[in-house]
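Starting off with a structure, shown below.
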Amino acid sequence: MAGSLKTEAVVLRSIRYGEADRVLHLYTPKRGRLAAIAKGVRRAKSRFGGRLEPFFRLQLVLYEGRGDLLTVTAAETVHPHARLREHADSLRAASLACDAVARVFADGEPHEGAYHLLANELALLDARAGAVPTRANALAFRLKLLLAAGFAPQLAACAGCGDAEHVVGFSGAAGGVVCPACEASAFPLGEEAHAFLVGALAQPLARAPDASPRALAQAERAIAETLEHHAHVRLRSLGAA
């Protein structure tokens, strides 16, 4: 049914369309992913100014017609995240966070927890702009995203048999840490990497624990294999971030 929709949203992506328009990929707390067109936004005198850009957190009024593409009729800035745009490393970290949300929640189902997690991550990157974003923070964000999506790995005991004393590896297929008897499809997971995964889930994003490059590489592999096996999603590599 046609009508207006008022919603908060984070702009995940903005694509040029036609001579003066943009198509926005949005993530909202109540409707999940939405696509909307902002008409005339690329004109010099556009009433939207420059606020319909990636990583802006906005309060929007959208016109919802019969098609899948909504129309932006009003926009107010909640948070511009302006500082992170001044630093390439922060900008890349924000792009990776938005891309992860878009891939994990590609079906468009709403998840208010995931929306606020993304909003918190962008605000944190903005507050810390100028300092190189840490790989630990990016992994903590992805791990919490798994939790929000219902794919958090089993970390307290072997995902195969329940042994809590002798976990030595991680199996994406099994969905968590495994013991020697159940490690057929696993890769070695050191104590430091295991401790990082546990701590990252337990702590707020702003207090994500750090770890050695080797431990973080193991943690990234654990997160990646969990998503690939259970959500059929592959995220962009963090590289050396």
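Readers should treat all values here as calculations from the given coordinates under stated rules, not as data from a laboratory. The shown structure was predicted, so the numbers you read here are calculated from the model rather than taken from an experiment. Neighbour counts run over all protein chains shown; Cβ positions are idealised from the backbone, glycine included.
Would you please state which residues of the stretch 65-94 a label at His116 would reach in this model, taking the label point 7 Å out along Cα→Cβ and a backbone N cut-off of under 16 Å?
none
Between the alpha-carbon centers of the stretch 66-131 and the stretch 15-65, tell me the distance in whole angstrom.
Answer, in whole Å: 13.
Can you work out the FRET efficiency for the pair Arg214 and Ala123, with r the C-beta to C-beta distance and R0 = 25 Å, to the nearest 0.05?
Working from the Cβ atoms, E equals 0.25.
Counting Lys and Arg as +1 and Asp and Glu as -1, what is the net charge of the other residues whose Cβ lies under 13 Å from the Cβ of Arg83?
Values: positive: Arg85, Arg128; negative: Glu86, Asp89, Asp126.
Net charge in that neighbourhood comes out at -1.
Multiplying the sequence separation of Asp107 and Arg42 by 0.36 nm and subtracting their Cα-Cα distance, what value in nm do you get?
Going from the current span to full extension adds 20.5 nm.
With label points built 7 Å along Cα→Cβ from the Cα atoms of Ala82 and Val198, find their separation and express it in nm.
For Ala82 paired with Val198, the spin-label model returns 4.4 nm.
Follow-up question, since we're still on this one. Within a 10 angstrom radius of the beta carbon, how do Thr71, Thr226 rank from fewest other beta carbons to most?
Neighbour counts put them in this order, fewest first: Thr71, Thr226.
Determine, from the Cβ-Cβ distance of Arg236 and Lys6 and an R0 of 41 Å, the FRET efficiency 1/(1 + (r/R0)^6), rounded to the nearest 0.05. Don't jump to the answer; show the numbers that get you there.
On the way: r = 32 Å, r/R0 = 0.79.
It comes out at approximately 0.80.
Tell me, in nm to one decimal, what length is gained between Asp163 and Leu147 on full extension, where the rule is 0.36 nm per residue of separation less the Cα-Cα distance? Mind showing how you got there, number by number?
Values: separation 16, 0.36 × 16 = 5.76 nm, distance 2.22 nm.
Gain on stretching Asp163 to Leu147: 3.5 nm.
How big is the convex hull of the Cα atoms of the stretch 68-124, per residue, in Å³?
Details: hull volume 6.5 nm³, N = 57.
Considering the Cα atoms of the stretch 68-124, their hull volume per residue is 113 Å³.
So, one more: Which label belongs to the value computed from this structure, given these candidates for Cα extents along the principal axes in Å: (i) 73, 37, 29; (ii) 65, 42, 26; (iii) 70, 41, 32?
Identified label for the calculated read-out: (ii).
What's the Cα-based Rg to Rh of the stretch 180-241, Rh via Kirkwood?
Rg/Rh: 0.98.
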